[in-house]
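Each value in this text was obtained by applying a stated rule to the coordinates, not by laboratory testing. On a predicted model such as this, the values are computed, not experimentally measured, just so you know. As a convention, Cβ positions derive from the backbone with ideal geometry for all residues, glycine included, and neighbour counts pool all protein chains shown.
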């Protein structure tokens, strides 16, 4: 059976500078995969490339169909949600409006409204902040909102860019536990980019390691954390 | 006292026109961060279309709504064909395109409809409403049309999914794409709506200033002053600014400086706001780190 996401020989970059070189990935349905690497290795660029926010060369196939020639909004409409770095919430809109926008492309309005309530159950803090402008909320609340907004799409694949960035350890733990819940309960496949390699490897079943835009290692997440050499040279713990 | 009240009421009536055009400027500014200098000429051109329809024997209100549709299409077409290619271009390029558009529309109107001044009908009766002496029917009607327009526009942006998507697209195009909004079309829609606002402003002011290719140049200046007074990124501010400028212009013109110097009120306002409070009354003060 084909993988949910198949990437072959992907090149991507900004303007004339190429950041990602000949990258190949497989993401299986229902799994959590993590993409690790040092600062500037090209993790964020990889996620941006997968939903065509930047120029790419090479093949990207989602559910067996080529998506590398599509526009970002059409890839999103096929069920790929992206929680970008910096969260990308709409700062001057309220929490509720942000969530409504998350379900913007859905035709099943009633189910979308029910999903909105479900998001408030996942993140009770957001319910309290319903009418508050997103830009005035704390970093953790904005991250929760960004995830909730992405889930409103009912995605098949969720791309997460450093959800732990700049957040207190307690909130990071909460966000990781919610990722586990949505993976198990809602059958959402997750591709997670993280600086916090230890936590990411504990959550994920598969892992990829990239260095200066090239793939250096791929395999089971457990094998990654057990490999002393990998740990010391790439993961720094 | 009677004349004073009349000056204020007339100021509110023209103020509504300035408010509509100022709102059009703000809408384009929010999504492109540029002032559309051609906004007035789009309105003027649309008013000529209305005049053509009315002259062909079409009843006024049919022509009115027909013009709204045509103006919408004109706005969308201008965005798709002329503005889209320069979307990512530097500021100066865009400004030159806007000015080019202004000149082209102005000359086109002169070429098609000639530069002779034409009278444009008002849909409202000649005699004052309810026997009142301080307000004409056109002024009252024009205020009514503006208010209906503003309420409809507010409801559209506040309560409909499409309005919400348009606000999102103007604010954060990248994130909008990530929730599946077709940002390009939202921008085109914004241009269409701005053109509709302008066309209504044009049709309401034309009976007062008469129809000719340069009729909107003064109005655009007032609208620009209104948008700046209210804050160029604040729709509510632009509307309030429009009414303020309208009243101020009329009172100063009647009692202080005379009608000949009225237009300089707009320029003085523009310069004052830009030097003392560039963000306007309700605008956001943006601090950028360098």
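Test of understanding: ordering B:117, A:178, B:81 by Cβ neighbours within 10 Å, fewest first, what list do you get?
B:81, B:117, A:178
Averaged over A:78-88, how many beta carbons belonging to a partner chain fall within 10 Å of each residue's beta carbon?
2
Would segment B:64-201 count as rounded, prolate or oblate if I go by the C-alpha gyration tensor, calling it rounded below 1.5 in a/c and otherwise prolate when a/b exceeds b/c, oblate otherwise?
oblate
Helix B:39-55: angle to the longest alpha-carbon principal axis of chain B, degrees 0 to 90, nearest 10?
Approximately 50 degrees, to the nearest 10.
For a quick check, take a GNM of chain B with Cα springs below 10 Å and name the residue from B:152, B:203, B:166 with the largest mean-square fluctuation.
B:152
Highest GNM mean-square fluctuation, chain A, Cα pairs closer than 10 Å: which of A:160, A:144, A:53?
Among A:160, A:144, A:53, the largest mean-square fluctuation in the Gaussian network model of chain A belongs to A:53.
Computed FRET efficiency, Cβ-Cβ of residue B:284 and residue A:2, R0 51 Å: what is it to the nearest 0.05?
With a Förster radius of 51 Å, E is 0.55.
For the protein assembly as shown, what does the alpha-carbon gyration tensor say about shape, rounded, prolate or oblate, given a ≥ b ≥ c as the root eigenvalues, a/c under 1.5 as rounded, and a/b over b/c as prolate?
Taking the square roots of the gyration eigenvalues as a ≥ b ≥ c, the protein assembly as shown is prolate.
When the helix-only estimate is applied to chain B (DSSP H runs of n ≥ 4, each -39,500 (n - 2.57), divided by the residue count), what is the mean residue ellipticity at 222 nm, nearest 500 deg cm²/dmol?
Helix-only estimate at 222 nm: -24000 deg cm²/dmol.
Can you give me the angle between helix A:139-151 and the longest principal axis of chain A, using Cα atoms only, in degrees from 0 to 90, rounded to the nearest 10?
90
How many percent of DSSP beta bridges within the protein assembly as shown run antiparallel, rounded to 5?
60
If you rank A:31, B:114 by fewest surrounding Cβ atoms within 10 Å, what's the result?
The fewest-first ordering by Cβ neighbours comes to B:114, A:31.
Considering only DSSP beta bridges whose two residues both sit in chain A, what percent are antiparallel, to the nearest 5?
55
Between rounded, prolate and oblate, where does segment B:10-83 land on the alpha carbon gyration tensor, with a ≥ b ≥ c its root eigenvalues, rounded for a/c under 1.5, else prolate if a/b exceeds b/c?
The shape class here is oblate.
Can you compute the FRET efficiency between residue B:111 and residue A:78 using 1/(1 + (r/R0)^6), with r the Cβ-Cβ distance and R0 = 51 Å? Round to the nearest 0.05.
For residue B:111 and residue A:78, the calculated efficiency is 0.55.
What nm distance separates the two modelled labels at residue A:185 and residue A:138, each placed 7 Å from Cα along Cα→Cβ?
Computed distance between label sites residue A:185 and residue A:138 equals 2.2 nm.
Sticking with the crude label model, points 7 Å out along Cα→Cβ, report the distance from residue A:223 to residue A:14 in nm, one decimal please.
Here the answer is 3.4 nm between the modelled labels.
Would you tell me the mean number of C-beta atoms belonging to other protein chains that fall within 10 Å of each C-beta in A:90-100, as a whole number?
Mean partner shielding for this stretch: 3.
For the pair residue A:113 and residue B:271, what calculated FRET efficiency results from E = 1/(1 + (r/R0)^6), where r is the Cβ-Cβ distance and R0 = 60 Å, to the nearest 0.05?
Rounded to the nearest 0.05, the efficiency is 0.75.
Gap in Å between the Cα centre of segment A:1-77 and the Cα centre of segment A:81-131?
25
Could you put B:48, B:29, A:208, A:14 in order, starting from the residue whose Cβ has the fewest other Cβ atoms within 10 Å?
So the ranking, lowest neighbour count to highest, is A:14, B:29, B:48, A:208.
Report, as an integer, the average count of C-beta atoms from other chains found within 10 Å of each Cβ along B:62-69.
Other-chain Cβ atoms within 10 Å of each residue's Cβ, averaged: 0.
Calculate how steeply helix A:109-122 sits against the longest principal axis of the alpha-carbon atoms of chain A, using the helix alpha-carbon long axis, and give the answer as 0 to 90 degrees to the nearest 10.
The angle comes out at about 80 degrees.
Order these peptides, B:19-26, A:200-207, by their mean beta-carbon neighbour count within 10 angstrom, highest first.
The densest-packed peptide leads the list: B:19-26, A:200-207.
For segment B:181-252 and segment A:141-176, what is the centre-to-centre distance using only Cα atoms, to the nearest Å?
Rounded to whole Å, the Cα centres lie 42 Å apart.
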